[in-house]
Each structure stands twice: as C-alpha cells, then as structure tokens.
1. Residue-wise, which Karplus ³J(HN,Hα) couplings in Hz belong to the stretch 31-42, taking 6.51 cos²θ - 1.76 cosθ + 1.60, θ = phi - 60°, and x for glycine or proline?
2. Tell me which lysines have Cα within less than 16 Å of Lys35's Cα, excluding those fewer than 8 residues away on the same chain?
3. With Rg/Rh (Cα atoms, Kirkwood Rh) defined as stated, name the option among [x] 1.06; [y] 1.63; [z] 1.01 computed from the structure displayed.
4. I need the phi-derived Karplus couplings for the stretch 6-19: 6.51 cos²θ - 1.76 cosθ + 1.60, θ = phi - 60°, integer Hz, Gly and Pro marked x.
Amino acid sequence: MEIPDYDKALYYTLWGQWDELLVLMVRTNDDMLSKKIQLFLNAYHYSPEQAKVIETHDELLYYIDHAMKYTPPVAMEV
C-alpha cells in the first residue's frame, strides 16, 4: 500500500524529519507541495527571523490540509 505524499509530508513536518521531507520534495508530483516544502526548509536553515520560519511552516501545513481534503482516502484491503 502506497502512503500518499500529503500524509508523508504531514508526518515528516510534525515530527521534524527534515531529511525525509527533502527527499519527498524532490520525488512528489505535486509542484505546489514541492515548492511549499522548499520554502519552509530554506527558511528553517537560512532565515535569521523566527517569524519567517513559523510563517512558512504554517503555510506548508495549511496547504497539506487543503490538499488532503481533495484527495480520496486510501482503503486497506483485508
């Protein structure tokens, strides 16, 4: 069973797994998700302003939440 990119992005973002988030940024087919991840990771590593890091983090989470509303749920077969 393949876990959707949005679920992975949410998990990696909430648990601070930045390396995995970077790999997801490169592999995802969703250009907007990739860009949001890029902006967040760039701010996290290079921005001297904590407000910028928080802003890009929140924007990433808002986008993931929005995208998950329009993604059909994955059902496990037993």
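None of the figures in this text is laboratory data; all of them are computed from the coordinates on show. Since this is a predicted model, take the numbers as computed values, not measurements.
1. 4, 5, 4, 4, 5, 5, 5, 4, 5, 5, 4, 4
2. Lys8, Lys52
3. Given [x] 1.06; [y] 1.63; [z] 1.01, the calculated one carries the label [z].
4. 5, 5, 4, 4, 4, 4, 5, 5, 5, 9, x, 8, 5, 5
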